[in-house]
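Undergrad: Quick one: the structure is below, questions incoming.
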Amino acid sequence: MLAIRRLEKNGPPRPAEIEGFLGAHEFPLIEGRTVTFAFQGEADEVHLRHWIYGLGSTQAFERISGTNLWYLVFEIPEESRVEYKLEVVIGDQHRLIRDPLNPNVARDPYGANSVVHAHGYEVPEWSFEHQDVRRGKLREHVIASDVFGDKRPVSVYLPARFRENRRYPLLVVHDGSDYIRFSRLKDTLDNLIERLEIPAMIVAFIDSPARLQEYAADDRHADFLNKELVPLLEETYPLVAEPSARGLLGASFGAIASLHAAWRNPGFFGRLLLQSGSFAFTDIGDHDRGPLFDPVVEFMNTFREDPGRPSEKLFQSCGTYESMIYYNRSMVPLFQSTGMDVRFVEARDGHNWENWRDRLREGLSWLFPGPLWMVYE
Amino acid sequence: MVTKAKTNPGGWNRIVLLGPQRRKPTLAEAVAEHIGPRGMLAAITAGWEEREDEDQELSDHLGGRVRNLRIHARVEQIFERDPKLFEAMQRRHHRLRYLQDLYRRRLGHMLDSAREFMRLEDPEDEGEKLLLDEQREDAMGAIRRLDEQHLAAIAGVHARFRENHRIPDRKSIVHHKEELRTILGDAAGLCIAGGHVAVLLNRVRLFDLLELWPDRPLFAWSAGAMILADRTVVFHDTPPQGPGNAEVLEVGLGAFHGVIPLPHARKRLKLDDPLRVKLFARRFAPHACIALDDETGVTWNGKRWIGRAGTEILTVDGTLDPARKR
């Protein structure tokens, strides 16, 4: 019997019993495949607000009558990771808050959400900062871009033990600051390089002042990557100037930007890591995703008609709880038909930075295998 | 005693294999024990590749008595002056990779089969248990035979390469060998560091370095220890990609027989998984598979192997046995 059912089986619990119940468990309470959310406080209604596609975006809590304890029970598949907020309604006031009983928080550029980890999910330890791991350094650059007619900041990651007399692969990361901050990409690079799971590599973290336009299959952005950024980096740093040692990483619109840049200059970027790509397309009629998606849909429709062979190897990931899953699944056979070596991975997660963090090891080590089997220091 | 006494083809009286030296170095202690405070120590750091000459830390640890043989740099020089040899080595490299790929394809199926038999519960009926044990042993035997065939094929590639390109007396190599012979003649001991195991092995082998080495103490750790064995086994139970099947990579230099050094074993192997440990130990038996982690090591004293405190050996029962303390 679930803990919440035991609490209420003899009628409304007394305040001390409620305190005991809340103190005795961590919340949300995971019992096998069942999760129990709890909220204690005065309210007219309490709802769970989440972003799981296919599940009503709001789930109502029940109140144990005669108490101020609210709860919601539902099934959650193993290894799921779900971000959420609570909506507390008092009169005509609706407040969205993080779960006061849950210390686990996932941050993103818009703030933070509470997060529940289902049975079997663990935050990957390779994303943590480890004291005994040699650290790479970030070197800041500002690049004058003729394409955009402005200056662009670029953070360049140089691996630990960087040497000028050695050549390195290059990875360019869209939304670079967010990948560092919310997906722990720098710590992940340090760890995976230290463990020899990926080679020592140079990583350029780029950001856009207008990502929803510039990452939406904008030719200027593709030209910026192909004609300005990478040539400049190849002049500045000891890079292996070969497609197999040149990669693009991006999530959501960043994945569109990556695919579009590779498609515009086929074979130049031999490695693509596309996470939760916003691969919206139409077979007939208009799309319903708003005007920001117009150029994306136009590009994807064109791409589907004439994909060429944009790259050599493509690692594609997507959460099963996000609406993009259907587009991503649809694109797999098309990507494969281009002759690219494609690996597609799904995870029980949503459209968020921690989902993208959790897939980095698998994606990076597949695209850029390290000398794990050969180096014993 | 870690393993039964084996013949030592180099005839050396002292081989010291140590665990990784980065975090908790024990090399200086071993050198003090086997050589004492005086005498130049020759060093090979070719496994560090382009960082070969960044040996200050090693030198400081050993009190400044190190002379680096610069094996990596010497081979780079040879490649520059003898492009035909470079091309030949590239061709050999591709051939060995192809051979490894073919071996890997067979090995995966064989290991799956051996694991499946090992996981099967023992039948209650004695006769059936005997039949299952026979199948288990046969599956293991097939893997051993494959490993041996693979070693023989690799040895064939090397033999043809040496003969076709007259490696022992090739002009571009010979004068380096003479220099190395002189340096090694003055050395009280030879230290071989880890790093990239294939780079290290190929570069050391080009000079037939062990033939130049007199009977003095030899210290090696990590990849350095691996290349001295009669076979070089690469291993990782939990790689981010692939099944994690240990592979015979190369014919080693054969400074000793009967021992397979496993540096960073605690990180690389699931030593708490009896089935994996058992499979590893049985596959390579009668070789002793020695876990070489921080502050561990084994020493060949001319008659037998002796383990440092804390050194462990993988057993055919799937457990770890401590090597005897000195």
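The values are calculated or read from the model by the stated rules, or taken from the named source; none is laboratory data. Small disclaimer: the values here were computed from a predicted structure and weren't measured. Don't worry about glycine lacking a Cβ; one is built from the backbone with ideal geometry, like all the others, and counts go over all protein chains shown. For the accessible areas, the whole protein counts, side chains as well, though only heavy atoms, and no ligand, DNA or RNA atoms are used. Shrake-Rupley method; radii C 1.70, N 1.55, O 1.52, S 1.80 Å.
Undergrad: Where residues in region B:193-217 are assigned to a loop (DSSP other than H, G, I, E, B) and in contact with a helix residue (DSSP H, G or I) (Cβ under 8 Å, 6 or more places away or on another chain), which of them is farthest from the other protein chains (Cβ to nearest Cβ)?
TA: The extreme case among them is B:Pro214.
Undergrad: Please specify each residue of region B:221-255 satisfying the condition of being outside any loop (DSSP other than H, G, I, E, B) and either more than 11 Å from chain A (Cβ to nearest Cβ) or β-branched (Val, Ile, Thr) (or both). Outline the logic, then answer.
TA: Let us first name the residues in region B:221-255 that are outside any loop (DSSP other than H, G, I, E, B), namely B:221, B:223-228, B:231-234, B:247-251.
The answer is B:Ile227, B:Leu228, B:Arg231, B:Thr232, B:Val233, B:Val234, B:Val248, B:Val251.
Undergrad: Report yes if A:Tyr157 is of a type outside the set (Lys, Arg) and surrounded by 14 or more Cβ atoms within 10 Å (Cβ to Cβ), otherwise no.
TA: On the way: of a type outside the set (Lys, Arg): yes; surrounded by 14 or more Cβ atoms within 10 Å (Cβ to Cβ): yes.
Yes.
Undergrad: Would you mind telling me which numbered condition in (1) modelled with pLDDT of 95 or more; (2) over 20 Å from the mean Cα position of the chain (by Cα) A:Gln59 fails?
TA: Among (1) modelled with pLDDT of 95 or more; (2) over 20 Å from the mean Cα position of the chain (by Cα), A:Gln59 violates only (1).
Undergrad: Taking the options A:Pro333, A:Pro310, A:Pro266, A:Pro291, name whichever one is in the same structural domain as A:Asp223 (by TED's automatic domain parsing), in contact with a Gly (Cβ under 6 Å, 6 or more places away or on another chain) and either open to solvent by 60 Å² or more (accessible area, probe 1.4 Å) or closer than 24 Å to A:Leu367 by Cα (or both).
TA: Going through A:Pro333, A:Pro310, A:Pro266, A:Pro291 in turn, just one is in the same structural domain as A:Asp223 (by TED's automatic domain parsing), in contact with a Gly (Cβ under 6 Å, 6 or more places away or on another chain) and either open to solvent by 60 Å² or more (accessible area, probe 1.4 Å) or closer than 24 Å to A:Leu367 by Cα (or both): A:Pro266.
Undergrad: Let me confirm something: among B:Ile192, B:Ile227, B:Ile173, which residue is β-branched (Val, Ile, Thr) and in contact with a strand residue (DSSP E or B) (Cβ under 6 Å, 6 or more places away or on another chain)?
TA: B:Ile192
Undergrad: Now, a different point. Is it fair to say A:Phe39 is within 27 Å of A:Glu78 (Cα to Cα) and in a strand (DSSP E or B)?
TA: So A:Phe39 passes the test.
Undergrad: Okay, moving on. Of the residues A:Val105, A:Val116, A:Val35, which is at pLDDT 95 or above and open to solvent by 20 Å² or more (accessible area, probe 1.4 Å)? Talk me through it step by step, then tell me what you get.
TA: Numbers: A:Val116 fails: open to solvent by 20 Å² or more (accessible area, probe 1.4 Å); A:Val35 fails: open to solvent by 20 Å² or more (accessible area, probe 1.4 Å).
When all the criteria are applied, what remains is A:Val105.
Undergrad: Regarding A:Glu214, is this residue surrounded by 18 or more Cβ atoms within 10 Å (Cβ to Cβ) and closer than 25 Å to A:Gly149 by Cα?
TA: Criteria met by A:Glu214.
Undergrad: Right, another one. When both residues are 6+ apart or on different chains and their Cβ atoms are under 7 Å apart, which pairs have a first residue that lies in region A:207-221 and is in the same structural domain as A:Pro266 (by TED's automatic domain parsing), and a second that is modelled with pLDDT under 95 and in a loop (DSSP other than H, G, I, E, B)?
TA: Pairs found: none.
Undergrad: Do we have any residue at all in region A:322-337 that's in contact (Cβ under 8 Å) with a residue 24 or more places away in the chain and within 14 Å of chain B (Cβ to nearest Cβ)?
TA: The answer is no, given that none of the residues of region A:322-337 is in contact (Cβ under 8 Å) with a residue 24 or more places away in the chain and within 14 Å of chain B (Cβ to nearest Cβ).
Undergrad: Let me ask you something else. From the list A:Trp366, A:Trp373, which residue is within 14 Å of chain B (Cβ to nearest Cβ) and in a loop (DSSP other than H, G, I, E, B)?
TA: A:Trp373
Undergrad: Then there's this: Which of the residues that make up region B:36-88 are in a loop (DSSP other than H, G, I, E, B), open to solvent by less than 30 Å² (accessible area, probe 1.4 Å) and either without any contact (Cβ under 8 Å) to a residue 12 or more places away in the chain or more than 14 Å from chain A (Cβ to nearest Cβ) (or both)?
TA: B:Gly36, B:Leu62, B:Leu69, B:Asp82
Undergrad: What residue, of A:Leu273, A:Leu314, A:Leu292, is among the hydrophobic types (A, V, I, L, M, F, W, C), modelled with pLDDT of 95 or more and farther than 18 Å from A:Leu248 by Cα? Give the steps one after another, and end with the answer.
TA: Working: A:Leu273 fails: farther than 18 Å from A:Leu248 by Cα; A:Leu314 fails: farther than 18 Å from A:Leu248 by Cα.
Answer to the check: A:Leu292.
Undergrad: Yes or no: region A:49-66 includes at least one residue that is surrounded by fewer than 16 Cβ atoms within 10 Å (Cβ to Cβ), touching a residue at least 12 places away in the same chain (Cβ under 8 Å) and closer than 24 Å to A:Pro124 by Cα.
TA: no
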